[in-house]
Amino acid sequence: MDGERRPALGPPAQSLLADGHLVLWTLCSVLLPVFITFWCSLQRSRRQLHRRDIFRKSKHGWRDTDLFSQPTYCCVCAQHILQGAFCDCCGLRVNEGCLKKADKRFQCKEIMLKSDTRAPDAMPHHWIRGNVPLCSYCVVCKQQCGTKPKLCDYRCIWCQKTVHDECMKNSLKNEKCDFGEFKNLIIPPGYITSINQMRKNKKTDYEVLASKFGKQWTPLIILANSRSGTNMGEGLLGEFKILLNPVQVFDVTKTPPVKALQLCTLLPCHSARVLVCGGDGTVGWVLDAVDEMKIKGQEKYIPQVAVLPLGTGNDLSNTLGWGTGYAGEIPVAQVLRNVMEADGIKLDRWKVQVTNKGYYNLRKPKEFTMNNYFSIGPDALMALNFHAHREKAPSLFSSRILNKAVYLFYGTKDCLVQECKDLNKKVELELDGERVELPNLEGIIVLNIGYWGGGCRLWEGMGDETYPLARHDDGLLEVVGVYGSFHCAQIQLILKCSMMPMQVDGEPWAQGPCTVTITHKTHASMLYFSGEQTDDDISSASDQEDVKEAEYSDEDVQT
């Protein structure tokens with residue numbers, strides 16, 4: 001009947017309905033955050049793709065940052081920003097949403113001028129407003145700039161001069177830029193333009209062109225390894241681009257030193273300098289490229305080489321006065337000042353030839369170039385173990401302190417195991433063709449420089465008879481064992497049996513029976529910094545107690 005009431009749901013039906021609601025709300029509470037997270041990730045990916053597309057097409061060297069290191073204002077909207085993008089060439093800082101406007105409105109550093117109508121050394125200031133460096137002063141009123149909590153004041157991206165908004169005049173805007181403190185290191189854009197024009201006219205007389213810059217002009221080329229040490233190279237590349245012409249700055253992981261050093265051939269003879277930012281391995285890589293310039297007949301363009309140590313050991317850098325490691329403790333501007341003050345010296349380079357035995361001389365001998373040292377024994381074993389583990393997990397070896405701790409671990413392990421004991425029974429040593437009797441040894445180290453093993457001084461010129469201090473430019477080597485050290489012009493080591501760890505400048509390998517011959521190869525032109533040392537030059541007694549020196553008179557050894 002129409003008037004009848006429908007029967008009420010019983011308890012089982014009510015329970016089922018309640019369970020359905022619970023399942024629905026549970027699914028919503030789980031799926032909604034997942035959907036929101038997925039949507040946010042999708043939007044973030046789209047923004048990243050859009051930003052990368054802008055970065056790829058832009059003439060600016062944009063880089064992302066999650067947090068600016070100082071109070072920062074967008075150069076377009078003038079709003080205070082905590083994160084965004086900055087150009088590592090001109091220093092512009094913008095909010096993510098203002099990237100396109102900044103690209104259209106602001107011009108980046110010109111590595112060369114669009115026309116050659118102006119003189120090579122004539123160029124007006126290139127002013128950028130806002131975000132001036134801390135503790136900068138106005139060139140007009142000499143008062144501090146950048147003190148107001150807003151986008152204010154100007155900075156020239158070439159000479160790094162700053163000026164207040166109210167002090168900026170039309171005459172200052174049109175004033176000729178003198179490239180500031182580092183004008184003797186900068187390659188001006190006008191010079192590159194003039195060089196291109198001369199090459200079109202098939203002229204190569206760059207000396208006349210460079211004479212306008214004076215005899216003090218020693219242009220600097222930066223070769224940085226972005227993967228060295230604690231991965232500081234990438235940040236340093238940007239800082240050098242701001243202070244110099246970006247055309248002078250190279251990442252050797254993208255542009256090999258052989259190609260980068262061809263810039264030297266566009267500069268006056270014997271004028272260029274090179275700053276290598278990396279470890280001793282990177283320095284060796286650059287010096288090999290310099291040797292290739294000699295083979296090509298480009299001796300007159302060979303640069304002098306300075307070092308900014310970013311690696312783990314850095315013994316060559318320490319020997320040349322540049323310290324044991326750089327961790328940003330001094331500004332990049334001070335690094336450039338040190339390069340300008342450095343003096344030229346020579347560095348011996350040696351050829352290490354490894355000839356395997358038992359193959360009827362069918363295999364071509366392996367050849368290495370040695371700048372620092374060659375060794376057989378415990379230190380080579382430590383380097384070999386370290387190298388093997390770093391190849392498996394390179395991300396775990398990005399800290400200099402951690403790297404040294406790993407070395408310490410392997411050194412402690414070898415003290416207990418003594419895998420390299422009785423080395424004198426496995427190795428024969430010849431000096432200029434004369435056999436040298438070896439005492440009970442665990443290792444042999446052939447030194448070209450004063451430091452070894454991350455800062456140790458194995459050769460101090462001391463003993464019952466005073467020997468000369470180790471030098472890196474005398475054409476002689478120092479050989480140190482448990483009981484041996486002497487100078488020589490040629491060393492030959494014969495490995496008679498089994499596998500032994502060896503290394504050349506920190507590059508280790510396991511070697512079977514062979515003959516190792518070390519001969520003088522060439523000299524490299526380096527820069528020595530005689531300023532304040534970061535490492536103590538005097539070794540403590542504890543550093544010396546495990547290294548005992550045998551006594552050979554000068555009459556016993558032919559040099």
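The values are calculated or read from the model by the stated rules, or taken from the named source; none is laboratory data. Because the structure is a prediction, the values reported are computed rather than measured. All Cβ positions, glycine included, derive from the backbone under ideal geometry; neighbour counts span all protein chains shown. Accessible surface is based on the protein model in full, side chains and every heavy atom, while ligands, DNA and RNA are left aside. Shrake-Rupley method; radii C 1.70, N 1.55, O 1.52, S 1.80 Å.
Screening R155 on (1) within 18 Å of G91 (Cα to Cα); (2) free of Cβ contacts under 8 Å to residues at least 40 places away in the same chain shows it passes everything except condition (2). In the set (1) loosely packed, with under 14 Cβ neighbours inside 10 Å; (2) part of a helix (DSSP H, G or I); (3) touching a Cys at 6+ places or on another chain (Cβ under 9 Å), E181 fails one condition alone, (1). Within the range 293-334, how many residues turn out to be of a type in the set (D, E, K, R) and more than 15 Å from S525 (Cβ to Cβ)? The qualifying residues number 3. Of everything listed in (1) over 26 Å from T265 (Cβ atoms); (2) open to solvent by 20 Å² or more (accessible area, probe 1.4 Å); (3) assigned to a strand (DSSP E or B), the single unmet condition for S375 is (2).
Does S41 qualify as being among the polar types (S, T, N, Q) and either surrounded by 14 or more Cβ atoms within 10 Å (Cβ to Cβ) or modelled with pLDDT of 90 or more (or both)? No, not satisfied. Residue pairs whose Cβ atoms lie under 8 Å apart, sitting 6 or more positions apart in sequence or on different chains, and linking a residue in the range 345-357 that is more than 14 Å from V290 (Cα to Cα) to a partner that is outside any strand (DSSP E or B) and small (G, A, S), are N356/G512; K357/G512. For the range 155-177, the set of residues classified as of a type in the set (S, T, N, Q) and buried (at least 16 other Cβ atoms within 10 Å of the Cβ) consists of Q160, T162, listed by residue number. Can you name every residue in the range 268-286 that is over 14 Å from N225 (Cβ atoms) and among the hydrophobic types (A, V, I, L, M, F, W, C)? Within the range 268-286, C269, A272 qualify.
Return yes or no: is L223 outside any helix (DSSP H, G or I) and open to solvent by less than 10 Å² (accessible area, probe 1.4 Å)? Spelling it out, L223 is indeed outside any helix (DSSP H, G or I) and open to solvent by less than 10 Å² (accessible area, probe 1.4 Å).
If we scan the range 495-509, do we find a residue that is at pLDDT below 75 and open to solvent by less than 30 Å² (accessible area, probe 1.4 Å)? Yes, there is a match, as at least one residue in the range 495-509 is at pLDDT below 75 and open to solvent by less than 30 Å² (accessible area, probe 1.4 Å). Restricting attention to the range 201-220 and to residues that are at pLDDT below 85 and within 21 Å of K259 (Cα to Cα), the residue that is surrounded by the most Cβ atoms within 10 Å (Cβ to Cβ) turns out to be Y206.
Per-residue answers, yes or no, for (1) closer than 19 Å to P71 by Cα; (2) open to solvent by 80 Å² or more (accessible area, probe 1.4 Å); (3) in contact with a Lys or Arg (Cβ under 6 Å, 6 or more places away or on another chain); (4) in a loop (DSSP other than H, G, I, E, B):
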| site | (1), (2), (3), (4) |
| --- | --- |
| D103 | no, no, no, no |
| K109 | no, no, no, yes |
| M112 | no, no, no, yes |
| P133 | yes, no, no, yes |
| V140 | no, no, no, yes |
| K150 | yes, yes, no, yes |
| L185 | no, no, no, yes |
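Within the range 473-487, if we keep just the residues that are surrounded by 22 or more Cβ atoms within 10 Å (Cβ to Cβ) and within 18 Å of L347 (Cβ to Cβ), the residue that is modelled with the lowest pLDDT turns out to be E478. For the residues T282, T312, T355, the requirement of being of a type in the set (S, T, Y) and in a strand (DSSP E or B) singles out T355.
Taken over the range 187-200, the criterion of being of a type outside the set (V, I, T), over 26 Å from the mean Cα position of the chain (by Cα) and open to solvent by less than 10 Å² (accessible area, probe 1.4 Å) is satisfied by G190, Y191. N318: surrounded by 24 or more Cβ atoms within 10 Å (Cβ to Cβ), more than 23 Å from T253 (Cβ to Cβ) and modelled with pLDDT under 95, yes or no? Answer is yes for this residue.
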